[in-house]
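**Student:** Handing you a structure now.
The values are calculated or read from the model by the stated rules, or taken from the named source; none is laboratory data. In this text the structure is predicted, and so the values were computed from the model without any measurement. Neighbour counts are summed over all protein chains in view; Cβ atoms, including those assigned to glycine, are modelled from backbone coordinates with ideal geometry. The area values use the complete protein model at the heavy-atom level, side chains included, leaving out ligands, DNA and RNA. Shrake-Rupley method; radii C 1.70, N 1.55, O 1.52, S 1.80 Å.
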Amino acid sequence: MEKVKIGVIQMGLKTGTDLEPAAIRDAMNEAHLPLIEQAAEQGVQVLCFQEVFNQPYFCPSQDTKWYAAAERVPEGPTCQMMQKLAAQHRMVIVVPIYEETAPGIYYNTAAVFDADGSYLGKYHKTHIPQVAGFWEKFYFKPGRSDWPVFDTAYGKIGVYICYDRHFPEGWRALALNGAEIIFNPSATVAGLSQYLWELEQPASAAANGCFIAAINRVGTEAPWNIGEFYGSSYIANPRGEIEAQASATDDELLVHEVDLAMVREIRNNWQFFRDRRPETYTRLTDGE
């Protein structure tokens with residue numbers, strides 16, 4: 001299949017953060033249902049949500065309350081719900097979620113369900129920031145997912161999560177493993193890195209000859225108020241061009257059809273994979 005219709009959903013938080021995580025989860029899952037239905041009506045074949053899509057971005061705090069937001073994958077309620085919707089709509093769904101793998105072991109995860117509802121696997125966020133306002137090491141264990149690429153009904157997809165996007169090695173690993181489309185679900189606020197939002201990922205799409213779909217949430221989240229999540233989700237093509245983009249402020253389903261034939265065309269034109277010299281790059285992997 002060469003032409004694939006992608007959908008990404010950006011959304012603001014629908015409850016107060018004083019509620020218990022299970023109540024927030026249920027409200028956010030419910031809020032996504034109309035947009036999932038719209039995606040199905042518009043013929044979306046691959047759909048992805050924002051980072052930890054059904055919870056606030058709780059990492060400005062260091063509060064053990066939020067450990068209760070973690071679910072099992074794929075046995076938890078959110079994955080079970082999305083698995084049924086994937087089968088119902090013949091839609092691949094990428095589900096970014098907070099995951100518990102064992103008591104006290106938590107990951108920032110994206111689960112992938114194929115168009116028949118089958119569970120294909122998951123990606124664990126690899127790079128975990130720990131700076132003021134982003135205390136992610138309190139919540140997430142670094143992943144060692146070996147750069148999985150999921151061979152779905154509509155193409156080969158990879159996932160890279162939020163802060164991962166600042167590290168070019170993972171984009172390359174996913175592309176070398178066969179990814180044609182890479183999704184980057186994020187929770188990013190205006191400030192230090194906003195100018196990179198439309199720079200890094202289009203550049204990575206061009207460097208690796210693949211499509212990249214970048215998803216960000218919208219609005220502000222009290223009580224932390226670390227800034228405004230500026231939305232602006234988009235899809236970049238293998239030339240590094242942004243082909244479609246959502247607003248900066250609104251809940252939105254962004255739908256766009258991509259032509260996977262461009263992956264082969266661009267890689268044949270540029271031949272970056274032929275001309276790369278991994279034997280000269282040992283400095284990148286030899287530790288400190």
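**Student:** Anything in segment 1-28 that is of a type in the set (A, V, I, L, M) and more than 27 Å from TYR234 (Cα to Cα)? List them, or say none. Write out each step before concluding.
**Tutor:** Within segment 1-28, the first condition is being of a type in the set (A, V, I, L, M), and the residues that meet it are 1, 4, 6, 8-9, 11, 13, 19, 22-24, 27-28.
Within segment 1-28, LEU19, ALA22, ALA23 meet the criteria.
**Student:** Considering each residue of segment 210-235, count those that are within 28 Å of ILE266 (Cα to Cα), surrounded by fewer than 24 Cβ atoms within 10 Å (Cβ to Cβ) and not aromatic (Phe, Trp, Tyr), and give that number.
**Tutor:** Residues flagged as within 28 Å of ILE266 (Cα to Cα), surrounded by fewer than 24 Cβ atoms within 10 Å (Cβ to Cβ) and not aromatic (Phe, Trp, Tyr) within segment 210-235 amount to 1.
**Student:** Name the residues in segment 246-285 that are open to solvent by 60 Å² or more (accessible area, probe 1.4 Å) and of a type in the set (A, V, I, L, M), would you?
**Tutor:** LEU284
**Student:** Right, here's the next one. Within segment 107-123, can you find the residues that are among the aromatic types (Phe, Trp, Tyr) and open to solvent by less than 20 Å² (accessible area, probe 1.4 Å)? Steps first, please.
**Tutor:** Step one: of segment 107-123, the residues among the aromatic types (Phe, Trp, Tyr) are 107, 113, 119, 123.
Across segment 107-123, the qualifying residues are PHE113, TYR123.
**Student:** If I ask for residues that are open to solvent by less than 60 Å² (accessible area, probe 1.4 Å), closer than 18 Å to ASN216 by Cα and of a type outside the set (Asp, Glu), which ones from segment 144-165 would you list?
**Tutor:** Listed by number, the residues that qualify are GLY158, VAL159, TYR160, ILE161, CYS162, ARG165.
**Student:** If you don't mind, another one. Which of the residues that make up segment 6-34 are surrounded by 19 or more Cβ atoms within 10 Å (Cβ to Cβ), in a helix (DSSP H, G or I) and over 16 Å from the mean Cα position of the chain (by Cα)?
**Tutor:** PRO21, ILE24, ARG25, MET28
**Student:** Answer with yes or no whether TYR67 is farther than 27 Å from ASP151 by Cβ, among the aromatic types (Phe, Trp, Tyr), out of contact with any Lys or Arg (no Cβ under 7 Å at 6 or more places or on another chain) and open to solvent by 10 Å² or more (accessible area, probe 1.4 Å). Spell out how you get there, then give the answer.
**Tutor:** Details: farther than 27 Å from ASP151 by Cβ: yes; among the aromatic types (Phe, Trp, Tyr): yes; out of contact with any Lys or Arg (no Cβ under 7 Å at 6 or more places or on another chain): yes; open to solvent by 10 Å² or more (accessible area, probe 1.4 Å): yes.
Judged against the criteria, TYR67 is a match.
**Student:** Follow-up question, since we're still on this one. Show the residue pairs that are 6+ apart or on different chains and have beta-carbon atoms under 7 Å apart, the first residue being within segment 79-92 and within 21 Å of TYR123 (Cα to Cα), the second being open to solvent by 70 Å² or more (accessible area, probe 1.4 Å).
**Tutor:** Listed pairs, sorted by first residue: GLN83/TYR119; ALA87/ASP116.
Residue by residue, here is whether (1) on the phi > 0 side of the Ramachandran plot; (2) in contact with a helix residue (DSSP H, G or I) (Cβ under 6 Å, 6 or more places away or on another chain); (3) small (Gly, Ala, Ser) holds:
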site	(1), (2), (3)
LEU19	no, no, no
LEU47	no, yes, no
LYS84	no, no, no
ALA87	no, no, yes
PRO96	no, no, no
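The rows are residues; the columns are (1) acidic (Asp, Glu); (2) in contact with a Lys or Arg (Cβ under 7 Å, 6 or more places away or on another chain); (3) within 30 Å of VAL131 (Cα to Cα).
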residue	(1), (2), (3)
ARG25	no, no, yes
LEU47	no, no, no
GLN50	no, yes, yes
CYS59	no, no, yes
GLN62	no, no, yes
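**Student:** Show the residue pairs that are 6+ apart or on different chains and have beta-carbon atoms under 8 Å apart, the first residue being within segment 132-150 and under 20 Å from GLU169 (Cβ atoms) and among the small types (Gly, Ala, Ser), the second being assigned to a loop (DSSP other than H, G, I, E, B) and open to solvent by less than 40 Å² (accessible area, probe 1.4 Å).
**Tutor:** Every condition considered, the pairs that remain are GLY143/LYS125; GLY143/THR126; SER145/THR126.
**Student:** Which one of these is free of Cβ contacts under 8 Å to residues at least 24 places away in the same chain and surrounded by fewer than 21 Cβ atoms within 10 Å (Cβ to Cβ): GLU169, GLU243, GLU200? Steps first, please.
**Tutor:** Numbers: GLU169 fails: free of Cβ contacts under 8 Å to residues at least 24 places away in the same chain; GLU200 fails: free of Cβ contacts under 8 Å to residues at least 24 places away in the same chain.
The match here is GLU243.
**Student:** Same structure, new question: Give me a count of the residues in segment 91-137 that are under 16 Å from the mean Cα position of the chain (by Cα) and among the hydroxyl-bearing types (Ser, Thr, Tyr).
**Tutor:** 5
**Student:** State which residue is modelled with the lowest pLDDT when the search covers only segment 124-143 and only residues that are buried (at least 16 other Cβ atoms within 10 Å of the Cβ) and hydrophobic (A, V, I, L, M, F, W, C).
**Tutor:** Only one residue fits best here, namely PHE134.
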